[in-house]
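The next block holds one structure in the form of structure tokens; read it before the comments.
The values are calculated or read from the model by the stated rules, or taken from the named source; none is laboratory data. No experiment lies behind these values; they were computed from the predicted model shown. Positions of Cβ are generated from backbone atoms using ideal geometry, with glycine treated the same way; all protein chains shown enter the neighbour counts. For accessibility, only protein heavy atoms count, side chains too; no ligands or nucleic acids. Shrake-Rupley method; radii C 1.70, N 1.55, O 1.52, S 1.80 Å.
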Amino acid sequence: MSELVDRNVTTPESSLPGGPADLRPGLVPETPADRDPRRSTEPLWRSLTHGRGLAGAVLVGIVVLLGALAPVLAPFAPDEQLDASFLLGPSSTHWLGTDDVNRDVLSRVLFGIRADLVIVFVAVPAGAILGSLIGLVAGIRGYTDVVAQRVFDVILAFPALVLAIALTAVLGPGVRAIVLVIVLAEIPVFGRLIRTSVLRVRELPYIEAAVVSGASTGWVLRKHVQPNSIEPLGVQLALSMSVAVFIEGAMSFLGIGVVPPTPSLGSILSDGNRYLETNPLFAVGPLVVVSLLTLGFLLISQAFAHARRL
């Protein structure tokens, strides 16, 4: 139990709320002094029902819905080459025009949303889980803390795009490389966040009271430390998803992301950048979708932070 409480605790039973009976595991409450009066006790999802949280949820929901319904909404297959359709402008048949190889841009954007969302919703949670586990162990074990911090320092020494280029040189371009880059980039972010929360929570009086009462390390960790340490994760998760959208877009824009002919928003934007005068919507279409998705995640992150006063 010394990992949870570093200093000797000599709190007499009479000074604890309710006397000795309250020292049994599960009966040690958080004291009013330990609770921030500014912090809401409502679930985080409640912040998505009003204000900026609602606006962000609507934006992300619209983009997710468009990606989920891509096979139904897309007027053409994403890789279908149409006759006499070279760089056509917007029309009733092709709302965003066509690209340089006679494909419908709207169809490719809709299917590109699906590819981006799959990458983001897989890579960011994976990085969050791995980073949180490392941060949790680092916060309660002294010798692992040193190792974890050095690992975080090594990863953070490389900017995301430099890391992406290095991994692509080894693994080759594709979804696997993008997912690995995002996971590695998010591990130190979530790891340090959880480690800081654990170091703060384990010093609170109700943790010390649980230790004095004879509760096991695993019980204290599961019932007290972990639930009170993961509170900031919702904020960081939404923020990291907005960053992941940019990482995927940047890698595909540079040609080291999703391999053609599979559409992605970054690759479509890269192709359309060369034809801004001929068909501006070729590039503007995916750019608008990326902007809306990023803005939605940022608004959700701000709503979560405001709800918890983080």
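Listing for the model above:
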{"quantity": "Enumeration of residues in the stretch 155-175 that are without any contact (Cβ under 8 Å) to a residue 12 or more places away in the chain, within 21 Å of the chain's Cα centre (by Cα) and assigned to a helix (DSSP H, G or I)", "calculated": "V162"}
{"quantity": "Number of the condition not met by I119 [criteria: (1) farther than 20 Å from V225 by Cβ; (2) open to solvent by 10 Å² or more (accessible area, probe 1.4 Å)]", "calculated": "(2)"}
{"quantity": "Residue match in the stretch 194-203 (condition: open to solvent by 10 Å² or more (accessible area, probe 1.4 Å), farther than 28 Å from G285 by Cα and among the β-branched types (V, I, T))", "calculated": "yes"}
{"quantity": "In the stretch 128-148, the residues that are touching a residue at least 12 places away in the same chain (Cβ under 8 Å) and within 17 Å of V201 (Cα to Cα)", "calculated": "S132, I134, G135, L136, A138, G139, I140, R141, G142, D145"}
{"quantity": "Residue check, L87 over 21 Å from the mean Cα position of the chain (by Cα), farther than 23 Å from E248 by Cα and either aromatic (F, W, Y) or part of a loop (DSSP other than H, G, I, E, B) (or both)", "calculated": "yes"}
{"quantity": "Extreme residue, farthest from the chain's Cα centre (by Cα), among residues of the stretch 130-151 that are charged (D, E, K, R) and either modelled with pLDDT under 90 or open to solvent by less than 20 Å² (accessible area, probe 1.4 Å) (or both)", "calculated": "R141"}
{"quantity": "L27 at pLDDT below 95, among the aliphatic types (A, V, I, L, M), under 30 Å from V284 (Cα atoms) and open to solvent by 40 Å² or more (accessible area, probe 1.4 Å)", "calculated": "no"}
{"quantity": "Any hit, the stretch 268-278, residues being over 27 Å from D145 (Cα atoms) and under 24 Å from the mean Cα position of the chain (by Cα)", "calculated": "yes"}
{"quantity": "Among residues of the stretch 257-281, those that are open to solvent by 30 Å² or more (accessible area, probe 1.4 Å) and of a type in the set (A, V, I, L, M), counted", "calculated": "4"}
{"quantity": "Check on I178, touching a residue at least 40 places away in the same chain (Cβ under 8 Å), among the β-branched types (V, I, T), farther than 30 Å from G218 by Cβ and open to solvent by 50 Å² or more (accessible area, probe 1.4 Å)", "calculated": "no"}
